[in-house]
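Note sheet for the following structure.
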Amino acid sequence: MKKIYFMPIMAIILTSALMLTCITNQVSWQSREYFKELRYTIGLPSIAIGTNYEGTRNPLLEVFVRSLYDIPGGYDYVVPSSFIDTPLKLKDYHESVPGFNLTTRRG
Amino acid sequence: MRSAVIIVTFLIATTMVSAVLFTKEGLEREAEISVKTAPDLTVQYLKAGRVELIPLEYAKTIAGVEGVKAVIPRIWGYAGISTYTFTVIGLDTSSIQYTSFGSIESGRFLTPDDAGKGNIVIGKLIAGLLNVKVGDDIILLSESVEANKFHVVGLFSDASSIYTADMIVMSIQDARQFFRMPDGYVTDFAVYVEDYEQPANVAAKMSFLPNARILDQDLLLRGYKAAYGARGGIFVTLWTILLVGAALVAFSQAVVVGHESKFEVGLLKTFGFTTLDIIEVRLVESLVLGFFATSLGMILGYVYAAYFNAPGLVDILLGWAFLPREFRLPVFISWTSVFSIYAVTVIPLIITTVVPAWLNAITDPELAMRRAAA
């Protein structure tokens, strides 16, 4: 193979491989076993990402953590977001995270 | 040299961006699936803005609301073993609707006969940590530093680890005993509504309940997406800035290496190439380089996240959370992500190489070669 053809051919091969990976990945998500009966019985929405952090009840940190801490099974999901900015300043948090503004949300 | 700089820079940037985007979408999708199987409504008790235990007597009131099909009390919380925190789930065993669970690798799931007997079903993470199997007894320390003995009757499978790895499932009576929770109180209620009713409408009918916070699936999902989206978004923004920087490097290279390029262009024009032909050559070159580097970067990003759990990057997405070794990151490659990454790499690259090529091509060939030789 001529050297000049190497890059174009590799570009086509790699792009095709990526498309194939994308299709395979999407098919695998569709055919995945979700154990619906178990999830329904347990009823907690979170996946099993654990926490090493033991200070979730720290009064200061709880201001950050509580935005998802109190959601069933969601005890640690907010933590990744807590470093971005003070959630109190973020409109997105204030409006989209239930209970964050300490008011009862009904219906 | 110019090609090497473009390939390396784009390769690194697209690997990082794609790994984060694919992982973020995988986590969001996983949360979406879990939320769909969560109760229609979750009722908690608020006091002074804090979540507290909810009185069991609320169950009767909630069950009386029009459109409510079932109200299931739950006790759940966390237990620490070593440096890990595990989720303890107390189920009302009499309300379990299924008899067989595909997620059990060995042993069995709880039955109504297990109520208050100390029988538990555990995930792979805790089983590996304590080196226990079905039939073994384990002792867990509660928050009140009291030893609680449990008997393992079931072990969740590897395939279900993403949901069960950190779980200890027991009867609600055992959970009450473990957490030393007072009689007449539970953590929350899982509420299921009739098929013909909208959960939001039923939730609205519960607004008379004092101190209640009612969460529906939509709120839960938005909460998760806000968390992952914000974190992933910041990271992707940073790397997109780097990509723009890379495009500027490409532009700079095209201009700085312009002497050589100008000579080439002058020579081509002498041989009869038109300005359009030269632009076409540069366009094809940019497309080849862009698709080569970006496609390879995305494949590497996928492998890095799906097979190596994205060391370094995963900490940014998960924060203080950790990913048990027992399962792999959920990685989802959407067409939107793939084409977005192509859009922020290939298009800027085309612009930043074609424009200098056009500038060179419109110069008089003799002048271009003389200047380049000078």
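Read the figures in this text as sums done on the coordinates, not as results from a lab. As the structure is a prediction and not an experimental result, all values here were calculated from the model. As a convention, Cβ positions derive from the backbone with ideal geometry for all residues, glycine included, and neighbour counts pool all protein chains shown.
Cross-link partners for B:LYS69 among the lysines, with Cα-Cα distance under 26 Å and sequence neighbours closer than 8 places in the same chain left out: A:LYS36, B:LYS36, B:LYS60, B:LYS205.
Given the rule -39500 (n - 2.57) for each run of at least 4 DSSP H residues, summed and divided by the residues of chain B, what is its mean residue ellipticity at 222 nm, to the nearest 500 deg cm²/dmol? Walk me through the numbers on the way to the answer.
Details: 12 runs with 194 residues, N = 374.
Value at 222 nm, helices only: -17000 deg cm²/dmol.
Across the alpha-carbon atoms of chain B, the computed radius of gyration and Dmax are 29.9, 95 angstrom.
Could you work out the mean projected area of the convex hull around the alpha carbons of the stretch B:150-225, in square nanometres to one decimal?
Details: hull surface 32.5 nm².
Here the figure is 8.1 nm², rounded to one decimal.
Dipole size in debye (nearest 20) for chain B around its Cα centre, Lys and Arg Cβ +1, Asp and Glu Cβ -1?
760
Let me know the whole percent of all Cα-Cα pairs from the stretch B:68-193 that are separated by more than 24 Å.
Numbers: 1785 of 7875 pairs.
Percent of Cα pairs beyond 24 Å in the stretch B:68-193: 23.
Working ranking of peptides B:167-179, B:149-161, B:265-277, A:22-34 by packing, defined as the average number of other Cβ atoms within 10 Å per residue, highest first, is B:167-179, B:149-161, B:265-277, A:22-34.
Counts of other chain beta carbons within 10 angstrom of each beta carbon in peptide B:36-43 average 5. This model, with +1 at the C-beta of Lys and Arg and -1 at the C-beta of Asp and Glu, gives the stretch B:46-108 a dipole about its Cα centre of some 80 debye. Within 10 Å of the Cβ of each residue in A:8-19, the mean number of Cβ atoms contributed by other protein chains is 6. Per q in 0.24 1/Å, what log10 I(q)/I(0) does a Debye calculation on the alpha-carbon atoms of the stretch B:1-98 return? Listed by q, the Debye log ratios stand at -1.30.
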